[in-house]
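Novice: Handing you this structure, nothing more for now.
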Amino acid sequence: MSDQGRRKLGVLVGVGAAGVLLPGITLGTETGVVLSVLMATLVIVVLTQLIHIGPTGRVPLPALAAFGLAGFVQDALIWWLLSWLGPKISELRVEGLATILLAALITRATVLLLSQLSPAAATAED
């Protein structure tokens with residue numbers, strides 16, 4: 001899997017995990033859950049591709065921390081946008097600043113974790 005594929009998978013996993021773990025995020029009814037997760041994933045993927053913050057390969061820990069902090073700010077702003085945009089497009093509801101910050105932390109952590117997996121490690125697990 002390419003670096004971009006791992007990053008997109010990280011966004012999907014992060015959005016899904018944030019939606020399940022955080023009580024301030026409401027994804028909607030049974031059919032609305034899939035639409036809400038896909039809509040949030042699409043918005044985050046598009047915006048993070050337009051303004052790419054993050055390593056394209058394995059980096060030392062200080063650089064990873066700097067990328068993580070900058071990406072966290074970016075993801076927090078995107079989740080803030082989703083708190084406004086979500087009800088207009090799907091059944092997604094994001095309530096409160098703490099929820100936005102925690103969702104951004106979960107999303108960025110999964111993106112960084114999956115982006116740091118080397119291709120050899122990913123094929124060894126398959």
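Novice: Just give me the residues in the range 79-104 being of a type outside the set (G, A, S), in contact with a Gly (Cβ under 9 Å, 6 or more places away or on another chain) and part of a helix (DSSP H, G or I), in sequence order.
Specialist: Scanning the range 79-104 gives T99, I100, L102.
Novice: Would a scan of the range 69-78 turn up a residue that is closer than 14 Å to V15 by Cα, assigned to a loop (DSSP other than H, G, I, E, B) and touching a residue at least 24 places away in the same chain (Cβ under 8 Å)?
Specialist: There is no residue in the range 69-78 that is closer than 14 Å to V15 by Cα, assigned to a loop (DSSP other than H, G, I, E, B) and touching a residue at least 24 places away in the same chain (Cβ under 8 Å).
Novice: Sticking with this one: May I ask you to list the residues in the range 69-82 that are crowded, with 18+ Cβ neighbours inside 10 Å and closer than 14 Å to A109 by Cβ?
Specialist: G71, F72, Q74, D75, A76, W79
Novice: Another question, then. Can you name every residue in the range 83-98 that is β-branched (V, I, T) and open to solvent by 20 Å² or more (accessible area, probe 1.4 Å)?
Specialist: Once the filter is applied, which keeps residues that are β-branched (V, I, T) and open to solvent by 20 Å² or more (accessible area, probe 1.4 Å), the range 83-98 yields only I89.
Novice: Considering only residues that are in a helix (DSSP H, G or I) and either within 15 Å of L82 (Cα to Cα) or open to solvent by 70 Å² or more (accessible area, probe 1.4 Å) (or both), which ones fall in the range 14-31?
Specialist: G14, V15, G16, A18, G19, V20, L21, E30, T31, listed by residue number.
Novice: Let me ask something additional. Which one is nearest to L97 (Cα to Cα), of the residues in the range 1-43 that are hydroxyl-bearing (S, T, Y) and out of contact with any helix residue (DSSP H, G or I) (no Cβ under 9 Å at 6 or more places or on another chain)?
Specialist: T29
Novice: When you go through V73, V46 one by one, which is the residue that is modelled with pLDDT of 85 or more, out of contact with any helix residue (DSSP H, G or I) (no Cβ under 6 Å at 6 or more places or on another chain) and under 18 Å from S2 (Cβ atoms)?
Specialist: Of the residues listed, the single one that is modelled with pLDDT of 85 or more, out of contact with any helix residue (DSSP H, G or I) (no Cβ under 6 Å at 6 or more places or on another chain) and under 18 Å from S2 (Cβ atoms) is V46.
Novice: If you check every pair at least six apart or on different chains, which have Cβ atoms under 7 Å apart with a residue in the range 19-35 that is in contact (Cβ under 8 Å) with a residue 12 or more places away in the chain and among the hydroxyl-bearing types (S, T, Y) first and a residue that is in a loop (DSSP other than H, G, I, E, B) and open to solvent by less than 90 Å² (accessible area, probe 1.4 Å) second?
Specialist: That search, which allows pairs on different chains as well, returns T29/E91.
Novice: Which of the residues belonging to the range 12-34 are over 11 Å from I106 (Cβ atoms) and modelled with pLDDT of 85 or more?
Specialist: Answer for the range 12-34, where residues must be over 11 Å from I106 (Cβ atoms) and modelled with pLDDT of 85 or more: L12, P23, G24, T26.
Novice: Quick check: anything in the range 51-67 of a type in the set (G, A, S), exposed (fewer than 12 other Cβ atoms within 10 Å of the Cβ) and either in a helix (DSSP H, G or I) or in contact with a Pro (Cβ under 7 Å, 6 or more places away or on another chain) (or both)?
Specialist: Within the range 51-67, one or more residues are of a type in the set (G, A, S), exposed (fewer than 12 other Cβ atoms within 10 Å of the Cβ) and either in a helix (DSSP H, G or I) or in contact with a Pro (Cβ under 7 Å, 6 or more places away or on another chain) (or both).
The values are calculated or read from the model by the stated rules, or taken from the named source; none is laboratory data. Since we're looking at a predicted model, the values are computed, not measured. No Cβ is skipped: glycine too gets one built from the backbone with ideal geometry, and neighbour counts run over all protein chains shown. The protein model used for the area step is the full one, side chains on, heavy atoms only, and it has no ligands, DNA or RNA in it. Shrake-Rupley method; radii C 1.70, N 1.55, O 1.52, S 1.80 Å.
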